[in-house]
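A short reminder: the numbers here are calculations on the coordinates, not readings from a lab. These numbers were taken from a predicted model, which means no experiment stands behind them. All Cβ positions, even for glycine, are placed from backbone atoms using ideal geometry, and neighbour counts span all protein chains on display.
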Amino acid sequence: MFKGAITALVTPFKGNGVDEGALKRLIEFQIENGINGLVPCGTTGESATLSYEEHDRVIDLTIETAKKRVPVIAGTGSNSTTETVMLTKHAEKAGADAALLITPYYNKPTQQGLYEHYKKVAESTGLPIILYNVPGRTGVNMLPETVARLSEIKNIVGVKEATGDLKQVSDVMEFSKEGFCVLSGDDFTTLPLLSIGGQGVISVTSNITPKAVSDMVRCFFAGDTEEAKKLHFRLQQLHRSMFIETNPIPVKTALSIMGMMEEEFRLPLVRMSEPNRNKLMQALKSWGGLTRS
């Protein structure tokens, strides 16, 4: 159902509010450069510091701007099942194509708790649901056996795996029902994941290089694995630069350098340190400049 390179969109801010003009420009930039889908209000979109009103508005605006040219997978997860249901219902009403639901963070549910959380949300909506497993952020790892159980629920259609653990991803694919969609949530391991049956990536780096990331995935599926491998290794330095500080600090800094938005974050996130900013600048220059490409 969902395949290719999908961008985990940043949320541009200006004067501590959402910069709607910059968000629209970013979306157009993504679509013009061949991206296969958009995820507003995920981790990269600083969803944890958006008000409910802002969260809903960013999803609405993404759907309105995309105009069905690419799928919009709305980030609607929370560490509260009730809040997750509320945000997901709004996304469904707004016309999202799917919902991306992070595992509940901080409260560290058991595997049964994770199962019951996702089951409850799935029962509340007709939207396709993509699970999101990122234990480095949430403090809980959703095990392959739990993903497999959830894959039996009709509208739970896939998982974004951001563990960086190819053994775990392989187990997820082996244990889950046939046709269950596995997307990389880790830019570094996208190509290896594709090689064992993954369907694509929800990418941070594609915010600044949508064409290169989408070309890599497209080449792989077209059978040109040599070109895909070349792009994989060419992108690695850029991937590293996107994570030298907490995501989305580097990617938003890069976008501001490219002139696409203000360099603005919400506390507790702050601007990059000068040494790391210099490393980022070097990576962008090595890539081939600071233009929108």
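Things worth noting here:
- Take every pair of alpha-carbon atoms less than 8 Å apart whose residues are at least six positions apart; their mean separation over the length of the chain yields a relative contact order of 18 percent.
- Stokes-Einstein diffusion of the range 156-293 at 37 °C, 0.692 mPa s viscosity, Kirkwood radius from Cα pairs, rounded to a whole number: 206 µm²/s.
- When both bridge partners sit in the chain, DSSP labels roughly 5% of those beta bridges antiparallel.
- By the count of other C-beta atoms within 10 Å, a proxy for reagent exposure, His90, His55 are ordered fewest to most as His90, His55.
- Our summary gives the range 1-117 a relative contact order of 23 percent, counting only alpha carbon pairs under 8 angstrom and 6 or more residues apart.
- Share of Cα-Cα pairs in the chain lying beyond 30 Å, as whole percent: 25 percent
- Cα-centred dipole magnitude for the chain, charges only on beta-carbon of K, R (+1) and D, E (-1), debye, nearest 20: 380 debye
- Hydrodynamic radius by Kirkwood, which averages 1/r over all alpha carbon pairs of the range 39-125, in angstrom: 13.0 Å
- Ascending count of other beta-carbon atoms within 10 Å, so fewest first, for Ser241, Ser47: Ser47, Ser241
- Distance between the range 227-272 and the range 116-137 - C-alpha centres, whole angstrom: 27 Å
- Going from the residue with the fewest nearby Cβ atoms within 10 Å to the one with the most, Ser80, Ser214 rank Ser80, Ser214.
- Computed over the alpha-carbon atoms, the range 153-229 gives an Rg to Rh ratio of 0.97, Rh here being the Kirkwood radius from the mean inverse distance.
- Overall size of the range 1-76 from C-alpha positions, given as principal axis extents largest first: 33, 22, 18 Å.
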